[in-house]
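For reference, the structure discussed in these notes is given below.
The values are calculated or read from the model by the stated rules, or taken from the named source; none is laboratory data. The structure presented is a predicted model; accordingly, all values stated were derived computationally and were not measured. Here Cβ is always computed from backbone atoms with ideal geometry, including for glycine, and neighbour counts include all displayed protein chains. Heads up: the accessible areas ignore ligands, DNA and RNA and are worked out on the full protein's heavy atoms, side chains in. Shrake-Rupley method; radii C 1.70, N 1.55, O 1.52, S 1.80 Å.
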Amino acid sequence: MTLRFGVIGTGAIGREHIKRISNKLAGGKIVAVTDVNQASAQDAVKSFELDAVVYPNDLALLAADNVDAVLVTSWGPAHEASVLAAIEAGKFVFVEKPLATTAEGCMRIVEAEMKHGKRLVQVGFMRRYDSGYVQLKEAIKNNFIGEPLMIRAAHRNPEVGENYTTDMAIHDTLIHEIDVLHWLVNDDYQTVQVAYPKKSKHAHENLKDPQIVTLETKGGIVITAEINVNCKYGYDIQCEVIGEEGIVSLPEFQSISFRKNAMFGTHVLMDWKDRFIDAYDKELQDFMDSIKKTGEPNGPTSWDGYIAQVTADAAIKAQDSGEKETITLQEKPVFYSKPTEAVN
Ligand code: NAI
Ligand code: NAD
Ligand code: ISE
């Protein structure tokens, strides 16, 4: 059975996912696309030679009988409306992060999905599928470094545009660490605080960059995460877990090493699109395979999207207050407690 996809949002990552479903992965086909910028949707169909209809908006696309599932790859503020409409239409949804831009919005999705009665939604927290993070999780689970005490993380982008604002450091960028780090140590967050080191001269006028976010878990693990989105030298994701008996670190991106012109070195990536290619492939393959096998997606849930957003909202509050803010989650519904196979 082929899962027939409609794509809502044909920008950067929408196009990446269209390419992988059309050319690389098994079991999916793009049959419909839409974008508020209709020329972009038409261009995607042409560029990737898709046998797909261009719809004027998400609701028209969702009404198409031949659409089984949607990829929501529009910008974050548009996600909630499209996901709710997809649930209403009973279609499967793969939605890029964030699930919605507020915790209340995520909760509306959680409630709609529970009312529907079975899982339809998977959130694009692809790092849970990255082999480096999976190895870290295995090592921690197997007690290789004893009890984890601290995590040091860094999320560095070479540069960002003028439209990137201080809060986006949290809800657009750190959101990946927010999701993957509590999953890594199987713990929940309790507090968050944000500090601003000396501002980079490369950051535009209204952007505070870099930022240091400190998260504490209920179990007492302290996480310091650097967000540095004008670091210039590359796209660099670091994670080191310090335990009672040792330390485990995320593998570096694999590249040749070189000896040249009196240097010994290796390459650093420049674009987020290249860093987690295997994880993007795996998350979407898992989405398709699990729907076919069990009738539900298997990856990060709407509840995971809600946890990330509650944490992000508290961190954004902490950006302004300078205080340690509390992270308060509602109780996890039984609906989301069922263990899933690969990643939860
Ligand atoms: P983009 O700006 O390149 O593309 C967004 C597209 O959505 C644009 O073409 C825009 O016209 C369209 N759009 C916006 N609102 C829409 C609506 N209501 N209906 C239909 N189309 C709409 O953005 P990009 O970089 O592709 O990001 C899209 C999403 O993917 C974001 O949520 C972002 O957070 C996420 N993302 C995830 C990454 C990951 O590593 N998982 C990496 C990059 C982006
Ligand atoms: P983008 O700006 O390149 O693309 C967004 C597209 O959505 C644009 O084409 C825009 O016209 C369209 N759009 C906006 N609102 C729309 C709406 N209401 N209906 C239909 N189309 C709409 O952005 P992007 O970089 O592709 O990011 C898109 C999403 O993907 C964001 O949520 C972002 O957070 C996420 N993202 C995730 C990762 C990741 O690593 N998982 C990486 C990049 C982006
Ligand atoms: C982007 O949306 C992503 O998701 C990337 O992974 C992240 O590095 C970048 O900062 C975001 O803007």
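Test of understanding: among Glu177, Glu138, which residue is buried (at least 21 other Cβ atoms within 10 Å of the Cβ) and out of contact with any Asp or Glu (no Cβ under 6 Å at 6 or more places or on another chain)?
When all the criteria are applied, what remains is Glu177.
Of the residues Ala169, Ala225, which is closer than 27 Å to Met270 by Cα, under 20 Å from the mean Cα position of the chain (by Cα), part of a strand (DSSP E or B) and among the small types (Gly, Ala, Ser)?
Residue meeting the stated conditions: Ala225.
Considering only residues that are assigned to a loop (DSSP other than H, G, I, E, B) and under 17 Å from Ala69 (Cα atoms), which ones fall in the stretch 1-51?
Within the stretch 1-51, Met1, Thr2, Gly9, Thr10, Leu25, Ala26, Gly27, Asp35, Leu50, Asp51 meet the criteria.
Any residue that is among the hydroxyl-bearing types (Ser, Thr, Tyr) and open to solvent by less than 30 Å² (accessible area, probe 1.4 Å) - is there at least one of those in the stretch 53-70?
No: the stretch 53-70 contains no residue that is among the hydroxyl-bearing types (Ser, Thr, Tyr) and open to solvent by less than 30 Å² (accessible area, probe 1.4 Å).
Only residues in the stretch 52-74 that are under 17 Å from Ile18 (Cβ atoms) and more than 16 Å from ligand 3 (Cβ to nearest atom) count as the first member; pair them with residues that are open to solvent by 50 Å² or more (accessible area, probe 1.4 Å) and among the hydrophobic types (A, V, I, L, M, F, W, C), Cβ under 8 angstrom, at least 6 apart or cross-chain, and list the lot.
The qualifying pairs are Asp58/Ala81; Ala64/Val53.
Just wondering, is there one or more residues in the stretch 278-287 that are part of a helix (DSSP H, G or I), among the aliphatic types (A, V, I, L, M), surrounded by 17 or more Cβ atoms within 10 Å (Cβ to Cβ) and in contact (Cβ under 8 Å) with a residue 24 or more places away in the chain?
Within the stretch 278-287 (the criterion being part of a helix (DSSP H, G or I), among the aliphatic types (A, V, I, L, M), surrounded by 17 or more Cβ atoms within 10 Å (Cβ to Cβ) and in contact (Cβ under 8 Å) with a residue 24 or more places away in the chain), the answer is yes, since at least one residue qualifies.
With over 30 Å from Thr102 (Cβ atoms) and within 16 Å of ligand 2 (Cβ to nearest atom) as the only criterion, which of Asp236, Asp286, Asp304, Asp274 stands out?
Every option except Asp274 fails the conditions.
Being more than 10 Å from ligand 1 (Cβ to nearest atom) and part of a loop (DSSP other than H, G, I, E, B) is the filter here, so list the residues in the stretch 57-91 that pass it.
Correct list: Ala63, Ala64, Asp65, Asn66, Val67, Asp68, Ala89, Gly90, Lys91.
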